[in-house]
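Novice: Just passing along the structure, written as structure tokens.
The values are calculated or read from the model by the stated rules, or taken from the named source; none is laboratory data. Keep in mind it's a predicted model, so treat the numbers as computed, not measured. Backbone-built Cβ (ideal geometry, glycine too); neighbour counts: all protein chains shown.
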Amino acid sequence: MTIETKPDKTASNGVGTETAGGLSPEAIKKEDPATLLSYYHMMVLIRKFEERSAEMYTKARIGGYCHLNLGEEATIVGLMAALRPQDYIFTNYREHGYILARGAKPGAVMAELFGKSTGVSKGRGGSMHLYDVNLNFLGGYGIVGGQLPLATGAGFALKYKEKEGLVVAQMGDATTNIGAFHESLNLARIWDLPVMYLIINNGYGMGTKVEYASAQPELYKRAAAYNIVGERVDGKNPLAVREAVKRAIERAKDGEPTVLEAMSNRFKGHSVVDPDRYRDPELVKSFRQSDPLFNFARVLEENGIMTADQDKQIQEQVDQEVQEAIDFAEQSPSPEIDTMFDFMYATPVANAIDPQWEQFKHAKEAR
Ligand SMILES: Cc1ncc(C[n+]2csc(CCOP(=O)(O)OP(=O)(O)O)c2C)c(N)n1
Ligand SMILES: [Mg+2]
């Protein structure tokens with residue numbers, strides 16, 4: 001008897017382990033200036049949206065939890081620049097920027113944070129549960145790693161239905177210690193699924209440093225245990241991220257999953273209410289000094305893509321855009337109390353004493 005083994009894919013482990021090289025003048029020259037400006041505009045939108053979200057939280061307009069993407073804008077924009085309409089995205093709870101960059105209206109996202117019926121999840125989800133099926137944006141999840149088996153299942157569905165596409169399973173660094181991460185990678189390899197597991201390594205899971213929690217702190221290397229290609233990319237460079245995601249898209253066409261680790265910094269505490277006492281203020285200050293947004297602006301200006309005036313214009317335009325989103329959220333109604341159970345189940349639940357279920361059962365029996 002012979003046992004077939006899959007060829008070792010990890011020979012290429014670590015490909016693209018790159019730094020800011022992608023923002024060199026040569027690289028910038030090859031790009032379309034209008035596209036670069038659109039990346040910058042989106043990074044500014046995410047930055048300002050998040051700053052105003054924090055403000056709205058402290059004004060008690062937003063309830064529950066609220067986790068911000070401040071410092072992670074370049075990774076988000078690079079990711080979305082590579083994705084195509086047929087691709088799917090699942091994320092953790094730190095996802096405002098992702099759905100904005102995927103194309104949701106800022107007003108609908110802010111309204112969701114406010115719990116209003118005009119929100120992307122009709123006010124049922126709030127900050128951690130943004131969802132838009134038209135954008136193939138299948139949700140933010142509050143349970144650490146909860147999104148990973150679902151994303152893996154979506155990858156299986158694409159393969160089963162013989163559809164082309166990539167499923168992105170975004171997560172934080174600490175999520176790689178959850179069982180579901182390992183189970184998902186194992187299945188993705190066994191079944192050759194078109195899934196990219198995107199690890200945003202911002203150095204911390206709440207107040208715990210990666211090095212304290214992970215036996216292998218170079219997280220992309222964990223892919224090797226499952227015979228999956230792992231890459232590490234500079235998450236502060238949107239072009240490097242975009243190219244790494246494009247490589248994952250190409251691999252997915254051959255049934256190759258990918259693990260991509262984007263190195264990033266979290267500017268604020270874990271959530272809006274975290275005073276961030278466990279980090280040295282000097283360290284956080286150094287993150288601001290290598291701010292991906294300011295860095296990208298500088299690169300655009302140095303390469304003649306953007307003038308200081310244009311930058312000012314973009315900032316003002318975005319200020320207005322975010323203010324309009326807040327006004328829209330403020331003026332929108334809360335969901336009506338009698339719609340509380342809407343959108344909960346696709347079909348009535350079998351064990352509930354529910355006239356709707358009785359009706360459904362009888363209709364089924366009559367068929
Ligand atoms: C199963 C589970 N355990 C614990 C928590 C509490 N918790 C919420 S976020 C978090 C840290 C996750 O950190 P990371 O994966 O690095 O993501 P980041 O917040 O940095 O984006 C923890 C432990 C949870 N929500 N779910
Ligand atoms: Mg983290």
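Novice: Could you check residue 134 against (1) away from ligand 2 (no atom under 16 Å from the Cβ); (2) within 26 Å of residue 85 (Cβ to Cβ); (3) surrounded by 24 or more Cβ atoms within 10 Å (Cβ to Cβ) and say which number it fails?
Specialist: Unmet for residue 134, out of (1) away from ligand 2 (no atom under 16 Å from the Cβ); (2) within 26 Å of residue 85 (Cβ to Cβ); (3) surrounded by 24 or more Cβ atoms within 10 Å (Cβ to Cβ): (3).
Novice: What is the number of the single condition among (1) assigned to a loop (DSSP other than H, G, I, E, B); (2) farther than 28 Å from residue 183 by Cβ; (3) in contact (Cβ under 8 Å) with a residue 24 or more places away in the chain; (4) touching a helix residue (DSSP H, G or I) at 6+ places or on another chain (Cβ under 8 Å) that residue 145 does not meet?
Specialist: (2)
Novice: Residues in segment 70-104 that are within 16 Å of residue 119 (Cβ to Cβ) and either touching a Gly at 6+ places or on another chain (Cβ under 6 Å) or without any contact (Cβ under 8 Å) to a residue 12 or more places away in the chain (or both): how many?
Specialist: 2
Novice: Can you work out which of the residues in segment 154-172 that are surrounded by fewer than 24 Cβ atoms within 10 Å (Cβ to Cβ) and in a helix (DSSP H, G or I) is farthest from ligand 2 (Cβ to nearest atom)?
Specialist: Ranking the qualifying residues of segment 154-172, first place goes to 160.
Novice: Among the numbered criteria (1) away from ligand 1 (no atom under 12 Å from the Cβ); (2) out of contact with any Asp or Glu (no Cβ under 7 Å at 6 or more places or on another chain), which single criterion is violated by residue 176?
Specialist: Result: residue 176 fails condition (1) only.
Novice: Condition test on residue 193, is it within 24 Å of residue 154 (Cα to Cα), within 15 Å of ligand 1 (Cβ to nearest atom) and not in a helix (DSSP H, G or I)? Outline the logic, then answer.
Specialist: Working: within 24 Å of residue 154 (Cα to Cα): yes; within 15 Å of ligand 1 (Cβ to nearest atom): no; not in a helix (DSSP H, G or I): yes.
For residue 193, the condition - within 24 Å of residue 154 (Cα to Cα), within 15 Å of ligand 1 (Cβ to nearest atom) and not in a helix (DSSP H, G or I) - is not met.
Novice: For residue 181, which of the numbered conditions (1) among the hydrophobic types (A, V, I, L, M, F, W, C); (2) more than 18 Å from the chain's Cα centre (by Cα); (3) within 13 Å of ligand 1 (Cβ to nearest atom) fails to hold?
Specialist: Among (1) among the hydrophobic types (A, V, I, L, M, F, W, C); (2) more than 18 Å from the chain's Cα centre (by Cα); (3) within 13 Å of ligand 1 (Cβ to nearest atom), the lone unmet condition for residue 181 is (2).
Novice: Within the bounds of segment 255-262, is there any residue that is in a loop (DSSP other than H, G, I, E, B), crowded, with 24+ Cβ neighbours inside 10 Å and in contact (Cβ under 8 Å) with a residue 60 or more places away in the chain?
Specialist: Here is the first cut: in segment 255-262, the ones in a loop (DSSP other than H, G, I, E, B) are 255-257.
Still in the list and also crowded, with 24+ Cβ neighbours inside 10 Å: 257.
So of that shortlist, the ones also in contact (Cβ under 8 Å) with a residue 60 or more places away in the chain come out as 257.
Yes, segment 255-262 has at least one match.
Novice: Consider residue 163 against the criteria (1) within 16 Å of ligand 1 (Cβ to nearest atom); (2) over 18 Å from the mean Cα position of the chain (by Cα): it satisfies all of them except one. Which criterion is unmet?
Specialist: Condition (1) is where residue 163 drops out.
Novice: Still on this model: Give the residues of segment 100-124 that are in a loop (DSSP other than H, G, I, E, B) and either at pLDDT below 95 or farther than 18 Å from residue 272 by Cα (or both), sorted by residue number.
Specialist: As a first pass, look at segment 100-124 and keep what is in a loop (DSSP other than H, G, I, E, B): 103-105, 114-124.
Hits for segment 100-124 are 103, 104, 105, 116, 117, 118, 119, 120, 121, 122, 123, 124.
Novice: Another one. Checking residue 151 against (1) in a helix (DSSP H, G or I); (2) within 14 Å of ligand 1 (Cβ to nearest atom); (3) closer than 25 Å to residue 71 by Cβ, which test does it fail?
Specialist: (2) is the only condition that residue 151 fails.
Novice: Which one of the conditions (1) within 24 Å of residue 83 (Cα to Cα); (2) surrounded by fewer than 19 Cβ atoms within 10 Å (Cβ to Cβ) does residue 281 fail to meet, given that it meets all the rest?
Specialist: (1)
Novice: Return the pairs, sorted by first residue and then second, in which the second residue is of a type in the set (Asp, Glu) and surrounded by 15 or more Cβ atoms within 10 Å (Cβ to Cβ), the first residue lies in segment 179-195 and is on the phi > 0 side of the Ramachandran plot, the beta carbons are less than 9 Å apart, and the residues are 6+ apart or on different chains.
Specialist: Here the result reads 192/256, each pair linking segment 179-195 to a residue that is of a type in the set (Asp, Glu) and surrounded by 15 or more Cβ atoms within 10 Å (Cβ to Cβ).
Novice: Filtering segment 196-228 down to residues that are more than 20 Å from the chain's Cα centre (by Cα) and part of a strand (DSSP E or B), which residue is farthest from ligand 1 (Cβ to nearest atom)?
Specialist: 209
Novice: Now for a separate question. State which residue pairs qualify: first residue closer than 14 Å to residue 95 by Cβ and inside segment 51-69, second residue among the basic types (Lys, Arg) and in a loop (DSSP other than H, G, I, E, B) in any location, beta carbons under 7 Å apart, and separation of 6 or more residues or different chains.
Specialist: Qualifying pairs under 7 Å: 67/94; 68/268; 69/94.
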